[in-house]
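> Submitted below is the structure of interest, expressed as structure tokens.
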Amino acid sequence: MPLACARAPVNLTTYTLNPLEDPRWAALVRSHRCASVFHTPAYLRALQRTYGYEPVVYSTSPASATLTNGVVLCRVRSWLTGSRLVSLPFADHCEPLLDGSEERAAILAAVRQTVRHQRLQYAEIRSAAPELTVGSNLEVASAFSLHALDLRPTLEGLYKGIHKTALQQQIRRAEREAVRHDEGTSQQLLNQFYHLMVLTRRRHRLPPQPLLWFRNLIACLGDGARIHVASIGERPIAGMLTLRHKGVLVYKYGCSDARFHRLGAVPFLLWKAIVQAKESGLDTLDMGRSDAGNTGLITFKERWGATRSTLTYLRYASGATQDARVGLRAQLATQLFARLPDDLLIVAGKLLYRHIG
């Protein structure tokens, strides 16, 4: 669909398309150097099935031409947190698939026009590309640390590069204690993983993501999503969900039973995932974002030898946002979540997460 009035200073016309229906989007994601698992139709379909978000791609390529660029966003409609465009909900990052400043100017102008005309609260783009902040009228909403581990060295070299006390000793401890690693997408593994996720979110005074979200990730991504569970005997003690696209493995979710942290199951699981990634010929482990103030998580990632970059969430807002009110609500909700039994905490996650994306 052309946005006939969306004219940037370079006079490029911008179009929109549905990435779940237009096969050109999948082709662009396969070929573009900046594409990640979060751009894929499979991930977008999991978002739509779970939360009802509507994906849309802005591009300067008309329907009759090969798709050479695009910015994918989801329409989030919420009476609680405001209606907005996000690129992309529950994705740490989602780079615009653009190769030139003229394309970028045209597409961002069209996104701004949508925000104004549809009276949305804002549009947000989650990017590690510094050039997006130049001349785009996008404001920095928040910034995070993003870590990636280069998997191209030998397995021996990777192991030597990790912290001896905090990681190597923990991995050996798990092996001595006969911690077992199971991996796959079975219902049993999903149940074990989700039980650990509920424990972890409770520890952080937050509701867990809906179980349906994890089911849909597995159903939509197929072999691109895997569950890893560490157990001692028959008791699951740590879990991890990874996503895979081209040469990149994404460490998306991690969870654990804090009573067994001394056994080293978390480093053990991540090391197992690294070994499998090397065996599969992958070249990068995306370790995801960390809040700037979360020094413990940042230190954990850097002890693996991961490289840090800056991840910036950029927004174009139509006016004053609800961030202050939402922040106050979040503080009050955290106190409430700490008191809820598990069943009600799970229900809270089902009700609230569609408003968070």
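The values are calculated or read from the model by the stated rules, or taken from the named source; none is laboratory data. This one's a predicted model, so the numbers in the text were calculated from it and none came from an experiment. Counting neighbours? That spans all protein chains shown, and the Cβs are built from the backbone with ideal geometry, glycine included.
> Taking the condition among the charged types (D, E, K, R) and touching a helix residue (DSSP H, G or I) at 6+ places or on another chain (Cβ under 9 Å), does Arg24 pass?
Taking the combined requirement at face value, the residue does not satisfy it.
> Ala123: in the same structural domain as Val71 (by TED's automatic domain parsing) and either at negative phi or assigned to a helix (DSSP H, G or I) (or both), yes or no?
yes
> Right, next: Among the residues of segment 251-273, is any in the same structural domain as Ala166 (by TED's automatic domain parsing), of a type in the set (Val, Ile, Thr) and either more than 21 Å from Val179 (Cα to Cα) or without any contact (Cβ under 8 Å) to a residue 12 or more places away in the chain (or both)?
no
> Looking only at segment 220-248, which residues are surrounded by 21 or more Cβ atoms within 10 Å (Cβ to Cβ) and touching a residue at least 60 places away in the same chain (Cβ under 8 Å)?
Residues satisfying the conditions are Leu243, His245.
> If you go through segment 104-124 one residue at a time, do you hit one that is under 24 Å from Gly247 (Cβ atoms) and of a type in the set (D, E, K, R)?
no
> Counting only residues that are in a strand (DSSP E or B) and aliphatic (A, V, I, L, M), how many does segment 236-276 have?
8
> Related question: Would you please list the contacts, defined by Cβ atoms under 8 Å and residues six or more apart or on different chains, that run from a residue in segment 169-195 that is farther than 19 Å from Trp271 by Cα to a residue that is assigned to a loop (DSSP other than H, G, I, E, B)?
Going by the 8 Å Cβ cut-off, the qualifying pairs are Tyr194/Pro208.
> Would you please name the residue that is surrounded by the fewest Cβ atoms within 10 Å (Cβ to Cβ), looking only at residues in segment 32-73 that are among the hydrophobic types (A, V, I, L, M, F, W, C) and touching a Gly at 6+ places or on another chain (Cβ under 7 Å)?
Ala42
> May I ask you to verify whether Leu270 is modelled with pLDDT of 95 or more, farther than 22 Å from Tyr51 by Cβ and under 20 Å from the mean Cα position of the chain (by Cα)?
Here the answer is yes, as Leu270 does meet what is asked.
> OK, next. Just one of Val229, Val275 is within 21 Å of the chain's Cα centre (by Cα) and modelled with pLDDT of 95 or more; which is it?
Only one candidate passes the filter, namely Val229.
> Within segment 277-298, can you find the residues that are of a type in the set (Asp, Glu) and part of a loop (DSSP other than H, G, I, E, B)?
Result: Asp283, single match.
> Return the pairs, sorted by first residue and then second, in which the second residue is polar (S, T, N, Q), the first residue lies in segment 341-354 and is more than 17 Å from Trp79 (Cβ to Cβ), the beta carbons are less than 7 Å apart, and the residues are 6+ apart or on different chains.
Gly349/Gln209
> Does Arg152 meet the test of being part of a loop (DSSP other than H, G, I, E, B) and exposed (fewer than 14 other Cβ atoms within 10 Å of the Cβ)?
yes
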